[in-house]
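The values are calculated or read from the model by the stated rules, or taken from the named source; none is laboratory data. Nothing here was measured: the structure is a model prediction, and the numbers come from that model. Note that we place each Cβ from the backbone using ideal geometry, even for glycine, and neighbour counts take in every protein chain shown.
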Amino acid sequence: MPPPLFADHPADRTPERDAVEALISQARTLRGGLDAVRRESSVAGDLAADPQLRWQRALCDLAVHHLDDLGGHLDQLREGLPGTLAEGPEPHVEAPAAPPEPGALLRRVGSAEWNLLTDDATWSDELFTMFGREPADGPLTLDELPSLVHADDQEKLAVMVTDCLVDGRPIDGEFRIVRADSVHRTVHMVGEPVLDADGSTACMWAVLRDVSELRRSQSAVRETGDSLRRQRHVAQTEHRLAVELQEAVLPPWRGSLRFPEGGPVTLDLAGRYLPAGTSALIGGDWYDALQLPDGRTLLSVGDLTGHGVAATSGMAMVLGALRGMAVAGHRPGQLMGFLNQLLDSATQPALGSAVCCQFDPATRALEWAQAGHPAPLLFRGGTGRALDAPEGVLLGATTGASYGQHAERLEPGDLLVLHTDGLVPRRTHGPDSTHEGTERLLALAPRFSAARSAQESVRIVVEEFGTAEREDDACVLIAKVGD
């Protein structure tokens, strides 16, 4: 129902019908495009598990509701323009993939007029539908209207009506209604007072729009956005904690470490942690070097499954246990067995791979064991080879597993390379990945032979693998045997 026209409220010029038809066509095209985006977001991933996808879907739903409202308003505008559909065929436009229920958009908008002189009220049919009221029951007067308004919004409505009737201010606000069928709706009302010849308020007219779905979509956007921000904050916090824990546990990877001091043979040691190239998550990779009480040197690298604080805290537990048992005098094969028991009985089960070496400077003997891990690489005289691996399965995979132990005599100038299997991209993860990483490291033999220190050799590895698009982090530890 259009508002009454008074001398001080001239009617606006009616827009051209073809311009409105063009707007309707554009709105429907946009609606169809949004439906396609919503379908793609539904199949792109798990909406229940991915806050980013939920937020994107909520934004699409909100945009759809905005376009639906716009389409309804344009349809009403077209119906009020001069000319009918009989004047010519309606222009062909692409309908949305999932159009709303026929007539639903028009029922979302209704109009009302309240005459202050006669206390009469006039409602459009759409307004009766919106308020869940039968036309036979008649419209509500301004005094009766609050009976359907939510208790928390009655004061807000009273202020809007008073400002309109007393101060002549336009109405533009929202309130919630509670219908007789207990359905709650959110209504947006715009209107203005209509003055008589003396300038006094004679009546008030308003257009009311049901914006319940729109507000629900906006609420969903806020909630999913807040959830996404909270998750990002938690992820950032966990990442910071994981980095701090990792830095506190791992030895410094800049600057060589030389063990043992004053012994018959000096080991020049250097290591480096290489972060993942495609993820900010910290994994459970480690490398370690420790001088033992009997003069031997412990060398180890390994990797626990998982990422974040859980992985780094598990790595810290394993590394601490490994150091303690090595100081107590246990050999590499025994150490692997104890670590397997530790992970097998842990509260939070995890799998791990590791290689553990002990070097005796008095005899230049290297004893080592492995648990599902790439074997150490030995470079001598300009060539390299992988050491023959003793028996060993992944840590935490088999209860009571036994681990073999091999020995190798090192020579002055030998270079020993220990690494985890995350050096190469995951597209070849597994046996092929390990083989590729080993082959690329062995191909560096001439450069290793020319390197003057373990630290220089580590830089060679970083140049070869440091910019790779790895999905996993990795560690490398290099020991160069002195005279």
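General remarks:
- Any hit, segment 275-287, residues being aromatic (Phe, Trp, Tyr), modelled with pLDDT of 75 or more and either over 30 Å from residue 350 (Cα atoms) or under 28 Å from the mean Cα position of the chain (by Cα) (or both): yes
Condition check ((1) under 28 Å from residue 305 (Cα atoms); (2) buried (at least 16 other Cβ atoms within 10 Å of the Cβ); (3) of a type in the set (Ser, Thr, Tyr)) across all residues:
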residue: 354; (1), (2), (3): yes, yes, no
residue: 358; (1), (2), (3): yes, yes, no
residue: 363; (1), (2), (3): no, no, yes
residue: 366; (1), (2), (3): yes, yes, no
residue: 370; (1), (2), (3): yes, yes, no
residue: 380; (1), (2), (3): no, yes, no
residue: 390; (1), (2), (3): yes, yes, no
residue: 395; (1), (2), (3): yes, yes, no
residue: 407; (1), (2), (3): no, no, no
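- Where residue 471 falls short, out of the listed (1) under 23 Å from residue 366 (Cα atoms); (2) modelled with pLDDT under 80: (1)
- Some residue of segment 333-350 being in contact with a His (Cβ under 8 Å, 6 or more places away or on another chain) and outside any helix (DSSP H, G or I): no
- Residue match in segment 180-197 (condition: assigned by TED's automatic domain parsing to the domain that holds residue 359 and at pLDDT 85 or above): no
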